[in-house]
1. Which peptide among 18-28, 77-87 comes first, and what is the full order, when sorted by highest mean count of other Cβ atoms within 10 Å?
2. From the backbone phi of segment 12-29, what are the Karplus-calculated ³J(HN,Hα) couplings (6.51 cos²θ - 1.76 cosθ + 1.60, θ = phi - 60°) in whole Hz, Gly and Pro given as x?
3. Looking at the P(r) of segment 1-104, how many percent of alpha-carbon pairs lie beyond 15 Å?
4. Round to the nearest 10 and give me the degree value, 0 to 90, for the angle of helix 74-88's Cα axis relative to the longest principal axis of the chain.
5. Expressed as an acute angle from 0 to 90° and rounded to the nearest 10, what is the orientation of the C-alpha long axis of helix 152-174 relative to the principal long axis of the chain?
6. Relative to the longest principal axis of the C-alpha atoms of the chain, give the angle of the C-alpha long axis of helix 91-100, reported between 0 and 90° and rounded to the nearest 10°.
7. Using alpha-carbon pairs under 8 Å, 6+ residues apart, how would you state the relative contact order of the chain in percent?
8. Given the peptides 163-172, 98-107, arrange them by the average over their residues of other C-beta atoms within 10 Å, most packed first.
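Every read-out reported here was derived from the displayed coordinates using simple, explicitly stated rules and does not represent laboratory data. Predicted model only: the values in this text are computed from it and were never measured. Here Cβ is always computed from backbone atoms with ideal geometry, including for glycine, and neighbour counts include all displayed protein chains.
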Amino acid sequence: MAAALPTFGPAHLAILALVPLTAAALGAVARRRPASVPAIRRALAALIGVAALGGLVPLATGAVRLPYGLPLDLCDVVEWVTVWALLGARPWALEVAWFLGLAGSGMALLTPDVGTELGPWSAPQFFAAHGGVVVAALFLAGTGALRPRPGAWWRVFLALNAYAAAVLLFNARFGTNYMYLREKPASASLLDLLGPWPWYILAAEPIALALLLALDAPFRRARRGAAG
């Protein structure tokens, strides 16, 4: 990460605090003015969409060349699925936004790998995209729009692995490193604790499973309470 924004420095910690506070503030507005919910959802979708498009600028301007710079990382996909969840409210999109938005984009916020292709705009683009996804997931859950169905966490885990397998084949063919499946990110991350390649990929599997199961816990309790 750039020296101007060191990991867990004051600016980074301020951003980490701002994300849940923003979700809480938007939730409070929604409770007081329910009619504002559609507008808030559209605004969040616009923020995430613009930030996601910003990530494509280096490819569009030739700063990076194909096959690099494609939106194939997990967080890239989750950003667009979250936009769809905000605008379309499809159950599968809402579930992906919750589980992978918090587990994936949330982890990216904690251990950011901010590129330099956008110059001074790299960090704002990164945090707007990832932070927007986390805010959206929390807002959707807090307003009752997001209620994962039974077994959703397991289906999301299987879909994640299927997508990772496809990206692994793409990486092998083109020499890319999407989803960090060929090597770890240059910045510090949880993967540093999981051993060398390919063991960190295998070690990440039970961690991902545990995260998804934990994120399902509040909804699982609610479903049991409703059934009882």
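1. On the way: 18-28: 15.9, 77-87: 23.4.
Ranked by mean Cβ neighbours within 10 Å, highest first: 77-87, 18-28.
2. 5, 5, 5, 5, 4, 6, 5, 4, x, 5, 5, 4, 5, 5, 5, x, 5, 4
3. Details: 3895 of 5356 pairs.
In whole percent, the share of Cα-Cα pairs in segment 1-104 beyond 15 Å is 73.
4. 30
5. 20
6. 60
7. Details: 244 pairs, mean separation 51.5, N = 228.
Averaging sequence separation for qualifying contacts and normalising by length gives 23 percent for the chain.
8. Values: 163-172: 14.9, 98-107: 24.6.
Result, highest mean Cβ count within 10 Å first: 98-107, 163-172.
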